[in-house]
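What follows is one structure encoded as structure tokens, with my remarks underneath.
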Amino acid sequence: GQGVALALIIIGTLLLLATLGYWWWMSANANPADVPLPPQLAGLPLQASSQGPAAVTEINRLHDNRFPINSGAVGRYGNRGEITLWVSGVPLKFMASRMVQAMQDGIAEGNTPFRPVGTRQVASRDIYELTGMGQRHFYFRSGSLVIWLAANDDFAELALSETLEFYP
């Protein structure tokens, strides 16, 4: 009777929503959006950048395509690679938190060129600090974005402060 009809309507609606959600998810991941970059960091101008699909391709190469990144940007500051900023966007905040946790877990395994220095809290955000490859590195979550900053020691603290302001 009516109970069966109502159940079928509910099931049909759920299937339609799941199909639309899957379509949105695949479309977003197939066409990554741009993410804004600061025009300068620590007094160094943005010298080179990639956005959207090109940035996501570069980020995915670094992470073996493990994350559903749907937006991204990579910025290089200064003439000698003094600062590099990678910004990855995922559909939902909890996914960004999971991405940060996966990065932390991977680095803790020790199969990377990075050595953890510590964690600090800035405005109730956890900022993870590392050293490696001749630079200081910081990564953190800002909403549904995950940010990784690599900077020469002379620029690291100011670049981090400005990055945290740019991505509140």
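The values are calculated or read from the model by the stated rules, or taken from the named source; none is laboratory data. Please read these numbers as outputs of a predicted model, since none were measured by experiment. Using ideal geometry, Cβ is built from the backbone for each residue, glycine included, and neighbour counts are taken over all protein chains shown. These area figures cover heavy atoms from the full protein model, side chains too; ligands, DNA and RNA do not enter into them. Shrake-Rupley method; radii C 1.70, N 1.55, O 1.52, S 1.80 Å.
Quick notes on this one:
- The chain, accessible surface, carbon-and-sulfur percent (1.4 angstrom probe): 59 percent
- In Å², nearest 10: area of residue 109 left accessible to a 1.4 Å probe: 130 Å²
- The stretch between residue 97 and residue 31, if pulled fully straight at 0.36 nm per residue, gains 21.5 nm over its current Cα-Cα span.
- Helix 93-108 and the longest principal axis of the C-alpha atoms of the chain enclose an angle of approximately 50°.
- Kirkwood-Stokes translational diffusion coefficient of the chain, alpha-carbon pairs, 4 °C, 1.567 mPa s, µm²/s: 75 µm²/s
- Compared with the dominant principal axis of the Cα atoms in the chain, helix 2-30 is inclined by about 30°.
- FRET efficiency for residue 49 and residue 15, using Cβ-Cβ distance with R0 set to 41 Å, rounded to 0.05: 0.50
- Between residue 165 and residue 5, full extension at 0.36 nm per residue minus the direct alpha carbon distance yields a gain of 52.2 nm.
- Extended-chain gain in nm, criterion 0.36 nm per residue less alpha-carbon gap, residue 58 and residue 105: 14.8 nm
- The chain, relative contact order [Cα under 8 Å, separation at least 6], %: 18 percent
- With a cut-off of 14 Å between beta carbons, the residues surrounding residue 95 carry a summed charge of +4, where Lys and Arg count +1 and Asp and Glu -1.
- Selected from 59, 11, 69 as most flexible by GNM, with the chain as the system and alpha-carbon contacts under 10 Å: 11
- For the residues 75, 134, 89, a GNM of the chain with alpha-carbon springs under 10 Å puts the largest fluctuation on 134.
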